[in-house]
Amino acid sequence: MNLASLNAICPGCRSHFNGVPRRSFFGFQKLPCPHCDETVVYPLTGGYRTFYGVLLCFMVLGLVGSWAQGVAAMPNALAIAAIYALVRNERIRQRVARLEATSPDERVAVRSVVQSQGGES
Ligand SMILES: [Zn+2]
């Protein structure tokens with residue numbers, strides 16, 4: 001499945017660029033920054049998020065069902081992978097949102113505020 005190109009912001013050098021991402025093992029969108037070679041990771045697309053969510057639901061239901069029958073079942077590797085993917089996805093989404101919130105103009109403003117605060121000594 002081909003992914004649509006996206007407007008990415010590199011967390012390393014803060015440059016904006018457009019590229020077609022590739023899927024990582026867990027389905028995250030990865031693309032290399034053309035300016036500093038850093039690999040930029042973007043969140044899961046909707047289909048993958050739904051897939052992990054549904055997977056997790058079934059795992060939880062299965063666990064609860066086992067416990068109800070008195071079986072001491074543990075979450076299996078698939079459930080742990082789904083939790084990992086969803087937690088990581090949330091972190092990536094927050095990071096991307098933060099990067100996108102700090103447009104170049106705003107970052108200059110923040111930096112000048114920090115400098116004026118630091119220069120009081
Ligand atoms: Zn970069």
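Observations on the structure shown:
Okay, residues lined up against (1) out of contact with any His (no Cβ under 7 Å at 6 or more places or on another chain); (2) within 16 Å of the ligand (Cβ to nearest atom); (3) in a helix (DSSP H, G or I); (4) in contact (Cβ under 8 Å) with a residue 60 or more places away in the chain:
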position	(1), (2), (3), (4)
Ala8	yes, yes, no, no
Phe26	yes, no, no, yes
Lys30	yes, yes, no, no
Thr50	yes, no, yes, no
Val60	yes, no, yes, no
Val71	yes, no, no, no
Ala81	yes, no, yes, no
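- A single entry from Gly19, Gly12, Gly65 fulfils the requirement of being of a type in the set (Gly, Ala, Ser), out of contact with any Cys (no Cβ under 8 Å at 6 or more places or on another chain) and closer than 22 Å to Leu99 by Cβ: Gly19.
- Filter pass, Leu86 being touching a residue at least 24 places away in the same chain (Cβ under 8 Å), in contact with a strand residue (DSSP E or B) (Cβ under 8 Å, 6 or more places away or on another chain) and within 25 Å of Tyr48 (Cα to Cα): no
- Among (1) of a type outside the set (Gly, Ala, Ser); (2) within 21 Å of Arg98 (Cβ to Cβ); (3) assigned to a loop (DSSP other than H, G, I, E, B), the one test that Pro34 misses: (2)
- Scanning region 10-24 for residues that are outside any strand (DSSP E or B) and more than 11 Å from the ligand (Cβ to nearest atom), we see that the one that is surrounded by the fewest Cβ atoms within 10 Å (Cβ to Cβ) is Val20.
- Residue tally, condition over 13 Å from the mean Cα position of the chain (by Cα) and either surrounded by 10 or more Cβ atoms within 10 Å (Cβ to Cβ) or at pLDDT 90 or above (or both), over region 84-103: 3
- Leu63 vs. criteria within 19 Å of Cys13 (Cα to Cα), surrounded by 16 or more Cβ atoms within 10 Å (Cβ to Cβ) and either at pLDDT below 95 or of a type in the set (Asp, Glu) (or both): no
- Residues in region 32-48 that are within 16 Å of the chain's Cα centre (by Cα) and within 16 Å of the ligand (Cβ to nearest atom): Pro32, Glu38, Thr39, Val40, Val41, Tyr42.
The values are calculated or read from the model by the stated rules, or taken from the named source; none is laboratory data. What you are looking at is a predicted structure, and each value in this text was computed from that prediction instead of being measured. So basically every Cβ, Gly included, is an ideal-geometry build from the backbone, and we count neighbours across all protein chains shown.
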